[in-house]
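Taken together, the values in this text are just the output of simple stated rules run on the coordinates, not laboratory data. Quick caveat, the model's predicted, so the values are computed rather than measured. All Cβ positions, even for glycine, are placed from backbone atoms using ideal geometry, and neighbour counts span all protein chains on display.
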């Protein structure tokens, strides 16, 4: 059995990195739990994040998924590396109408250069509303 917990220093480094992401703060994304290869982030849906008919804009959901994936990766990276998104496929399964949205990202495979992550997005009733598969490239 492996220990998926991060050291306090690793978690602190990731939380500090999160504080330095202006777009996440602009959207109101908050960092939840972190374990090795996984991250959970939250977002309170606001009126200005909706499109017609009161449904959450797909770009907001995709941004939450992308941000969650990036922080799941950070739990596995050495400090001298960074990453950037090279692909994001998202499937919207149900309309997202209100409340807190949660993204749970999990690293599926971390290769030498390419990292593949799955992200599930849940509404406040813990019903899955979207699923994403994304790839990042590791940069020095």
Considering only strands (runs of 3 or more DSSP E) wholly within the range 37-140, the ones with at least 1 residues that are under 26 Å from residue 20 (Cα atoms), within 11 Å of the chain's Cα centre (by Cα) and in contact (Cβ under 8 Å) with a residue 24 or more places away in the chain are 38-44, 100-110, 114-122, 128-139
I need the full set of residues from the range 15-49 which are exposed (fewer than 12 other Cβ atoms within 10 Å of the Cβ), more than 20 Å from residue 105 (Cα to Cα) and touching a helix residue (DSSP H, G or I) at 6+ places or on another chain (Cβ under 8 Å), in order please.
none
Across the range 50-89, what is the total count of residues that are in contact with a strand residue (DSSP E or B) (Cβ under 8 Å, 6 or more places away or on another chain) and either surrounded by 19 or more Cβ atoms within 10 Å (Cβ to Cβ) or under 23 Å from residue 139 (Cβ atoms) (or both)?
27
